Amino acid sequence: MKERIVLAYSGGLDTSVAIGWIGEATGAEVIAVAVDVGQGGEDLETIRQRALDCGAVEAYVADARDEFANEYCMPALKANALYMDAYPLVSAVSRPVITKHLVAAAKQFGATTVAHGCTGKGNDQVRFEVGIQTLGPELKCIAPVRDLALTREKAIDYAEKNNLPIVTTKKNPFSIDQNVWGRAVETGFLEDIWNGPTKDVYDYTDDPTFAPTPDTVVISFKEGIPVAIDGQAVTPLEAIEIMNRRAGAQGIGRIDIVEDRLVGIKSREIYEAPGAMALMAAHKELENVTIEREQARFKKIVGQRWTELVYDGQWFSPLKKSLDAFINDTQKMVNGDIRMDLHGGRAVVTGRKSETSLYDFNLATYDEGDTFDQSMARGFIELFGLSSKVASARDQRLGL
C-alpha cells in the first residue's frame, strides 16, 4: 500500500498544485482536507470536487464554523486577546481547529504525514507543526512551499501544463487569510512600511470616513460570552457574524501594524476584525463593571501571556490549559448588557447594566445618600504612603 499524506487544502492555486507536486516528489497518495472556519468564498462541495479533480485520492471537508466560534474565538474574547495590544489573533486562533481536523483525517485515512501550505518565513508553520506533533506525535510534517521548492511561478506553470481546474492568470498582489474572526492581508506594496493601505486591501470593512448614521447596539453576555444582540438570542457564531456586518459597515476593526513574528522578523500586517474588536470593546467594559480590582489587574497579565502562547502556536500546551482555567473562573460574574454606538471606525460604550455588577451607586455618588465613610480616608492615606515616607526620610538624611 502506498504511503498517504494529508494536505491542508484551501481550494486555491498553491494547495491545488501541491496535490500533484507532493505526489510526484514523494510517490505518496494525497488526501485533501478543507476546513470551513467562516472564510466565505466557495462552498465546501465545490472545493472537495476540485481536490479530487486535481488528483487527491480522498477529500475530507469539515464545516467547523460553530466549533471555531465556540471553542476558539470565545476563549480569545474572554482573554481579551490582542497581540502587541492590537492584533486579535485572526489567523492564530484558526490554526488549532484546522490542525485538529488534519490529525483526525490522518488517523481516519491511515496517513503518515501531514502537509501544509506555509512558507519558512511565517508563524503558521510553527502553529501547524507544533499542533500536529502534539495531537499526533507519530505523524511527520512537510511543507511543499518550504520543503519541496514550490514557488508561485512553478505553481502557475504546473497548473497550466497539467490543465488543472484552477484559475492561474489572476495574480493577487496580496497574501490573504480570512475567517469569521477577521481577515489578514500582507505582502505586495504593503511590504514598504511607508506605503498606506489602498481601498482594495479591505473587504470586511467599509471606509470609516464615509460612515452611515450611528448604529446603537446592545450586546448581552453570560459568563463572558455574547448570548443576545438587541434582545435576540444568538450563538457565538451568529454574534460574530452580526457584529462583522454592523461594525464592518462603520469601518470598525481596521488594524495596520508592524508585528513581531515568532520567527524573529518584523512584518507589516493589515487586519480587519470588525466583529472581534466590537465584541472585545463591549466585553472589556463589562469586565470593568463586574470583576474585582486585583483580579482584573492580574487577569491582564494572564491574558497577555495567553495571547503570546496562542500567537506562538502553543494552543495545546499545558500552560495554555492552566491559564484557561483561571480566565474561565474570572468570567463567572461577567454577565449583563453593554450598549454601544458604532460609528465612523469607533465602537463607543454608552451604557452598562449587570445583575452581578460591583458598581455600587450609593458608594460612588457625591450626592445625598452617599454611604462612603470619608473619615476613613485620612488613616488609609497615612498607612498607604508610610513605606515611601520612611524611605524618603532616609534618603534625605543621607543627602541622596
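The values are calculated or read from the model by the stated rules, or taken from the named source; none is laboratory data. Everything numeric in this text was worked out from a predicted model, so none of it was measured. Every residue, glycine among them, receives a Cβ derived from its backbone with ideal geometry; neighbour counts consider all protein chains shown. Quick note on the areas: whole protein, heavy atoms, side chains included, nothing else; ligands and nucleic acids left out. Shrake-Rupley method; radii C 1.70, N 1.55, O 1.52, S 1.80 Å.
Structure data summary
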| read-out | value |
| --- | --- |
| Tally, over the range 372-400, of residues that are under 30 Å from Phe361 (Cα atoms) and out of contact with any helix residue (DSSP H, G or I) (no Cβ under 7 Å at 6 or more places or on another chain) | 13 |
| Residue list for the range 98-110, restricted to those being open to solvent by 10 Å² or more (accessible area, probe 1.4 Å), touching a residue at least 12 places away in the same chain (Cβ under 8 Å) and over 29 Å from Met280 (Cβ atoms) | Lys107, Gln108, Phe109, Gly110 |
| Qualifying residue in the range 85-97 (condition: within 20 Å of Asp260 (Cα to Cα), at pLDDT 85 or above and open to solvent by 40 Å² or more (accessible area, probe 1.4 Å)) | yes |
| Residue check for Lys389: free of Cβ contacts under 8 Å to residues at least 60 places away in the same chain, open to solvent by 100 Å² or more (accessible area, probe 1.4 Å) and either touching a strand residue (DSSP E or B) at 6+ places or on another chain (Cβ under 7 Å) or on the phi > 0 side of the Ramachandran plot (or both) | no |
| Tally of residues being free of Cβ contacts under 8 Å to residues at least 60 places away in the same chain and surrounded by fewer than 23 Cβ atoms within 10 Å (Cβ to Cβ) across the range 12-25 | 2 |
| Those strands (runs of 3 or more DSSP E) lying entirely in the range 212-278 with at least 1 residues without any contact (Cβ under 8 Å) to a residue 12 or more places away in the chain and surrounded by fewer than 18 Cβ atoms within 10 Å (Cβ to Cβ) | 225-229, 266-272 |
| Helices (runs of 4 or more DSSP H) enclosed by the range 120-200 - at least 1 residues per element that are open to solvent by 60 Å² or more (accessible area, probe 1.4 Å) and within 16 Å of Arg95 (Cα to Cα) | 124-135 |
| Counted residues, the range 335-355 - those being open to solvent by 40 Å² or more (accessible area, probe 1.4 Å) and touching a Gly at 6+ places or on another chain (Cβ under 8 Å) | 5 |
| Exclusive hit being among the aliphatic types (A, V, I, L, M) and in contact (Cβ under 8 Å) with a residue 12 or more places away in the chain, set Leu363, Leu309, Leu398, Leu383 | Leu309 |
| Unmet requirement for Glu138, which otherwise passes all of (1) among the acidic types (Asp, Glu); (2) over 23 Å from the mean Cα position of the chain (by Cα); (3) at pLDDT below 95 | (3) |
